[in-house]
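J.: Take a look at the following structure, please.
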Amino acid sequence: MLRFAPSPTGDMHIGNLRVAILNYIIAKQAGEEFLIRIEDTDNARNIEGKDKEILGILNLFGLFWDRLVYQSDNFKQHNIIANELIKKGKAFYCYCTKDFLSQKKDEAIKNGIAFRYDDSWAEICKDINPNPTIRLKGAEDSIIFIDEIKGECKFNKNEIDSFVIIRDDLTPTYNFACSADDMLYDISYIIRGEDHTSNTPKQILVRQYIGYLKDIKYAHLPIILNKDGKKMSKRECESSVKWLLEQGYLPNAILNYLLSMGNKPKNEIFTLKEAILWFDMKNLSKSPVKFDIDQLRYINREHLKRLSPKDMAFLLESNDLSIGALGKIYLEEASTLNEIRDKIDLIFKPKSLDKENAESQAQMQYLRDVILELVKQNDECLGDFNAFKTRLSEICKLNGKALFYPLRFLLTGSHKGPLLNELYPYLRFYLKEILRS
Ligand code: GLU
């Protein structure tokens with residue numbers, strides 16, 4: 001089984017989504033189940049409702065799960081495993097108070113050495129501390145694992161001292177709960193962000209001490225950098241999946257882009273279904289990848305181009321095919337749904353002529369009246385752009401730019417944009433609304 005294990009502690013970051021996508025793809029390729037495990041072990045940091053929001057996003061991206069679990073439902077199991085480890089002599093109660101440990105940490109800093117827990121401290125505070133934690137015994141040997149992206153990763157035994165697995169309130173710590181659940185759900189392959197690499201030896205150690213024999217594969221994905229080459233922080237809006245969706249990037253396009261980063265995709269533009277056919281972890285680059293919003297914009301536009309007018313209309317919250325068709329035409333100069341919406345809003349908003357000079361204001365007002373009169377009479381020229389243009393030209397005695405300049409503004413609310421003869425077949429049904437002042 002593969003798993004995606006989000007913590008409900010903040011907005012879904014594009015790095016998390018990338019992890020979810022890759023786990024989903026590998027699960028599908030291997031014919032294994034895909035588990036969502038909400039890692040809600042850190043009560044203080046959990047945010048109400050974030051779990052549902054994350055699940056909503058996964059659904060939107062088509063990353064459907066076979067099983068959903070909340071880590072907190074397994075606390076009992078985690079305690080059972082911890083007690084098993086105590087029985088095996090691989091874990092022990094630690095009565096150290098917080099004050100005692102912070103004093104030891106201060107001493108280490110003063111002496112310029114790295115803080116390491118010393119097992120001989122375990123019972124020093126036994127008389128004053130009735131609520132012990134449980135610690136796993138530090139590594140007895142170095143721990144090596146092969147990462148599918150990074151290659152061999154080795155951790156010396158002195159890098160893994162005895163660490164807390166059960167807190168004094170009986171809740172499990174992240175590394176322990178994670179390792180326990182990976183065993184409980186028979187996880188075969190763990191794909192996650194590079195920031196977890198140093199957790200891996202601790203999680204392996206738990207399994208070794210329990211005597212769990214299954215070999216779990218690992219792939220730690222290189223971090224995502226911003227355009228300045230710095231680690232993309234959660235505070236940068238572009239890193240939030242919710243923000244990208246709100247801006248009008250399509251789930252398909254975001255997925256396409258995230259899967260293309262540091263990868264050798266078969267084609268530039270693809271769907272999740274297609275990616276399942278060719279994705280290969282071996283093609284992923286070992287180096288950090290840079291997030292490039294312009295590339296995402298390009299990919300988004302390509303996906304928008306592939307939509308039918310009906311689907312485009314739906315995404316623009318209209319059930320009128322003409323609106324969908326207009327949206328598609330505006331892809332000449334827009335790359336997100338929001339940008340298309342802005343263009344279409346301009347068409348329908350009353351046009352302010354204030355910025356035009358007196359002559360052009362007069363021309364526009366006159367032209368507007370002429371068109372509205374034609375509409376009132378349901379003139380047959382309205383059915384075809386060439387006939388419409390010719391008729392206006394005859395009535396207003398205007399030609400070429402002198403006609404097109406005011407006409408374009410009246411019909412689109414802008415002085416530039418796609419060709420009027422392309423737009424007109426869809427605008428013509430709305431002339432009265434478009435020309436209202
Ligand atoms: N809950 C962890 C996170 O959100 C993921 C842990 C894991 O995949 O093992 O970063």
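The values are calculated or read from the model by the stated rules, or taken from the named source; none is laboratory data. Note that the structure is a prediction, hence the values are computed from the model and not measured. A quick note on method: Cβ atoms are made from the backbone with ideal geometry, for glycine too, and the neighbour counts reach across all protein chains shown. We work out accessible area using only protein heavy atoms, side chains counted, and drop any ligands, DNA or RNA first. Shrake-Rupley method; radii C 1.70, N 1.55, O 1.52, S 1.80 Å.
J.: Restricting the search to region 42-57, which residues are part of a loop (DSSP other than H, G, I, E, B) and within 12 Å of the ligand (Cβ to nearest atom)?
T.: Asp42, Arg45, Asn46
J.: Search region 198-214 for residues that are under 16 Å from Lys157 (Cβ atoms) and assigned to a helix (DSSP H, G or I) and pair each with any residue that is modelled with pLDDT under 95 and within 12 Å of the ligand (Cβ to nearest atom) when their beta-carbon atoms are under 8 Å apart and the residues are at least 6 apart or on different chains.
T.: That search, which allows pairs on different chains as well, returns nothing.
J.: Given the conditions (1) touching a helix residue (DSSP H, G or I) at 6+ places or on another chain (Cβ under 9 Å); (2) surrounded by fewer than 18 Cβ atoms within 10 Å (Cβ to Cβ); (3) modelled with pLDDT of 95 or more; (4) in a helix (DSSP H, G or I), and given that Leu244 satisfies all but one, which numbered condition is not satisfied?
T.: Unmet condition: (2).
J.: Taking the stated definitions as given, is Leu205 modelled with pLDDT under 95 and among the aliphatic types (A, V, I, L, M)?
T.: no
J.: State all residues of region 166-180 that are touching a residue at least 60 places away in the same chain (Cβ under 8 Å), in a helix (DSSP H, G or I) and surrounded by fewer than 23 Cβ atoms within 10 Å (Cβ to Cβ); if no residue qualifies, say none.
T.: Scanning region 166-180 gives a single hit, Tyr174.
J.: Do we find that Glu53 is more than 23 Å from Leu258 (Cα to Cα) and either open to solvent by 70 Å² or more (accessible area, probe 1.4 Å) or in contact (Cβ under 8 Å) with a residue 12 or more places away in the chain (or both) in this structure?
T.: So Glu53 fails the test.
J.: Among the residues of region 204-227, write down those that are surrounded by 19 or more Cβ atoms within 10 Å (Cβ to Cβ), under 17 Å from Ile160 (Cα atoms) and away from the ligand (no atom under 13 Å from the Cβ).
T.: Leu205, Tyr209
J.: Of all residues being acidic (Asp, Glu) and open to solvent by 50 Å² or more (accessible area, probe 1.4 Å) in region 1-41, which is nearest to the ligand (Cβ to nearest atom)? Just the residue, please.
T.: Of everything passing the filter in region 1-41, Asp11 is nearest to the ligand (Cβ to nearest atom).
J.: Here is a follow-up. Evaluate the following for Pro288: is it open to solvent by 20 Å² or more (accessible area, probe 1.4 Å) and under 26 Å from Asp228 (Cα atoms)?
T.: Taking the combined requirement at face value, the residue satisfies it.
J.: Output the number of the condition that Glu107 fails; it satisfies all remaining conditions of (1) in a helix (DSSP H, G or I); (2) within 15 Å of the ligand (Cβ to nearest atom); (3) of a type in the set (D, E, K, R).
T.: Failed condition: (2).
J.: Okay, moving on. Under 6 Å by Cβ, and 6 or more places apart or on different chains, what pairs join a residue from region 349-362 that is of a type outside the set (Gly, Ala, Ser) with one that is part of a helix (DSSP H, G or I)?
T.: Leu353/Gln361; Leu353/Met364
J.: List the number of the failed condition for Lys126; all other conditions in (1) in contact with a Phe, Trp or Tyr (Cβ under 9 Å, 6 or more places away or on another chain); (2) within 16 Å of the ligand (Cβ to nearest atom) hold.
T.: (2)
J.: Suppose we filter Arg3, Arg18, Arg37 for residues that are in a helix (DSSP H, G or I) and within 27 Å of Val289 (Cα to Cα); which single one remains? Step through it out loud before you land on a result.
T.: Numbers: Arg3 fails: in a helix (DSSP H, G or I); Arg37 fails: in a helix (DSSP H, G or I).
Of the residues listed, the single one that is in a helix (DSSP H, G or I) and within 27 Å of Val289 (Cα to Cα) is Arg18.
J.: Among the residues of region 406-437, how many are open to solvent by less than 50 Å² (accessible area, probe 1.4 Å) and aromatic (Phe, Trp, Tyr)?
T.: Residues meeting the conditions: 3.
J.: Mind telling me which of the residues Lys154, Lys137 ends up being free of Cβ contacts under 8 Å to residues at least 24 places away in the same chain, touching a strand residue (DSSP E or B) at 6+ places or on another chain (Cβ under 8 Å) and among the basic types (Lys, Arg)?
T.: On the way: Lys137 fails: free of Cβ contacts under 8 Å to residues at least 24 places away in the same chain.
Answer to the check: Lys154.
J.: Quick check: is even one residue across region 152-165 in a helix (DSSP H, G or I), within 16 Å of the ligand (Cβ to nearest atom) and modelled with pLDDT of 95 or more?
T.: No, every residue in region 152-165 fails to be in a helix (DSSP H, G or I), within 16 Å of the ligand (Cβ to nearest atom) and modelled with pLDDT of 95 or more.
J.: In region 182-203, what residues are within 9 Å of the ligand (Cβ to nearest atom), closer than 16 Å to Leu136 by Cβ and either open to solvent by 10 Å² or more (accessible area, probe 1.4 Å) or touching a Lys or Arg at 6+ places or on another chain (Cβ under 8 Å) (or both)?
T.: Selection gives Asp182, Asn199.
J.: What is the number of the single condition among (1) touching a residue at least 24 places away in the same chain (Cβ under 8 Å); (2) surrounded by fewer than 18 Cβ atoms within 10 Å (Cβ to Cβ) that Lys230 does not meet?
T.: Checking Lys230 against (1) touching a residue at least 24 places away in the same chain (Cβ under 8 Å); (2) surrounded by fewer than 18 Cβ atoms within 10 Å (Cβ to Cβ), the one that fails is (1).
J.: Right, next: Among residues belonging to region 2-21 that are of a type outside the set (S, T, N, Q) and over 19 Å from Glu33 (Cα atoms), point out the one that is nearest to the chain's Cα centre (by Cα).
T.: Ile14
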